[in-house]
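The values are calculated or read from the model by the stated rules, or taken from the named source; none is laboratory data. All figures in this text were calculated on a predicted structure; none of them were measured in a lab. A quick note on method: Cβ atoms are made from the backbone with ideal geometry, for glycine too, and the neighbour counts reach across all protein chains shown.
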Amino acid sequence: MQKLVEVLADKQALIAKSLALVLEKITTSLDQQDYFTIALSGGSTPKPLYEALSSQPLDWSKIHVFWGDERYVSPDHPDSNQRMARLAWLDRIPIPAANIHPVPTDDPDPQLAAQKYDDHLRQWFGVNSPDFPVFDLILLGMGDDGHTASLFPHTAALTVSDRCITVGEKDGNPRLTFTVPLINQARCVIFIAAGESKRPALHEIFSAYGDSFSYPSRLIHPSAGELYWLLDAAAGSSFV
Ligand SMILES: O=C1O[C@H](COP(=O)(O)O)[C@@H](O)[C@H](O)[C@H]1O
């Protein structure tokens with residue numbers, strides 16, 4: 001695994017760097033293969049990146065968009081990660097509907113929805129268990145508590161090793177999330193984190209010894225891929 005940490009002057013520079021890196025990954029991959037697979041993060045941090053991507057002159061027919069986690073709400077709910085990405089980016093570009101792979105949240109049982117998305121990923125990538133699909137790029141955020149995707153501290157989701165998708169939990173509410181082994185198969189994982197509130201968790205995540213069950217982002221280390229941590233100065237000025 002190749003790990004690169006970069007601290008940018010401010011949030012604007014962080015988004016500019018993230019955009020440049022995502023575009024580089026897309027263009028170099030599409031030079032070598034016919035399509036590019038990207039999994040999105042939710043939350044507030046990546047929204048300006050998605051807005052910036054919406055004005056890029058890319059061949060969207062070659063890009064397939066998935067989500068690394070989703071709140072268990074309808075797609076038009078204000079908390080929906082899908083909704084945020086659609087409004088900021090996907091509804092503004094000529095991408096075929098078949099290239100958008102939202103997390104299903106319409107089944108009353110989130111476990112069944114997790115199985116459905118797991119099946120969809122395995123079928124689409126043509127990968128059977130025990131192997132895992134390999135995403136070209138997984139974008140991740142990090143919460144103030146050190147969670148990533150919907151892998152929250154001290155939850156059972158952290159230990160799932162035989163599935164692509166599992167049910168995470170935040171304050172008693174279910175969320176669907178990529179599992180650790182799926183994320184760690186990716187060709188490239190990019191964390192994007194901003195703001196002073198992330199500093200305490202980053203300190204724990206970057207320390208040589210630490211507790212991964214308290215700070216789940218520590219569990220992310222792609223086995224053969226690249227790992228980037230892009231931070232703004234408010235979040236990361238003391239870490240590099
Ligand atoms: O709940 C979530 O939070 C994290 C971090 O979000 P942010 O608002 O601090 O940027 C995000 O990465 C995750 O996808 C989301 O569901």
(message) So in the stretch 60-73, with the set limited to residues that are over 14 Å from the mean Cα position of the chain (by Cα) and within 21 Å of Thr166 (Cβ to Cβ), which one is surrounded by the fewest Cβ atoms within 10 Å (Cβ to Cβ)?
(response) Val73
(request) Provide a single number: the residues in the stretch 134-164 that are touching a Leu at 6+ places or on another chain (Cβ under 9 Å) and within 14 Å of the ligand (Cβ to nearest atom). (result) 10
(request) Take His120 and decide whether it is at pLDDT 95 or above and in a loop (DSSP other than H, G, I, E, B). (result) no
(request) Answer yes or no as to whether Val5 is closer than 20 Å to Ala194 by Cβ, in a strand (DSSP E or B) and touching a residue at least 60 places away in the same chain (Cβ under 8 Å). (result) yes
(request) Might you let me know whether the stretch 79-90 holds any residue that is in a helix (DSSP H, G or I), away from the ligand (no atom under 13 Å from the Cβ) and free of Cβ contacts under 8 Å to residues at least 24 places away in the same chain? (result) yes
(message) Filter the stretch 1-60 down to the residues that are touching a His at 6+ places or on another chain (Cβ under 8 Å) and of a type outside the set (Lys, Arg) and list them by number.
(response) Met1, Tyr35, Phe36, Thr37, Ile38
(request) Return yes or no: is Gly210 within 16 Å of the ligand (Cβ to nearest atom) and surrounded by fewer than 20 Cβ atoms within 10 Å (Cβ to Cβ)? (result) no
(message) Taking the conditions exactly as written (surrounded by 23 or more Cβ atoms within 10 Å (Cβ to Cβ) and within 16 Å of the ligand (Cβ to nearest atom)), does Pro174 satisfy them or not?
(response) no
(request) Considering (1) modelled with pLDDT under 95; (2) touching a helix residue (DSSP H, G or I) at 6+ places or on another chain (Cβ under 6 Å), say which one Val240 fails and leave the rest. (result) (2)
(message) Out of everything in the stretch 25-51 that is in contact with a helix residue (DSSP H, G or I) (Cβ under 6 Å, 6 or more places away or on another chain), within 16 Å of the ligand (Cβ to nearest atom) and not in a loop (DSSP other than H, G, I, E, B), what residue ends up being nearest to Pro78 (Cα to Cα)?
(response) Lys47
(message) Exactly one of these conditions fails for Gly126: (1) surrounded by fewer than 22 Cβ atoms within 10 Å (Cβ to Cβ); (2) within 17 Å of the chain's Cα centre (by Cα); (3) not aromatic (Phe, Trp, Tyr). Give me its number.
(response) (2)
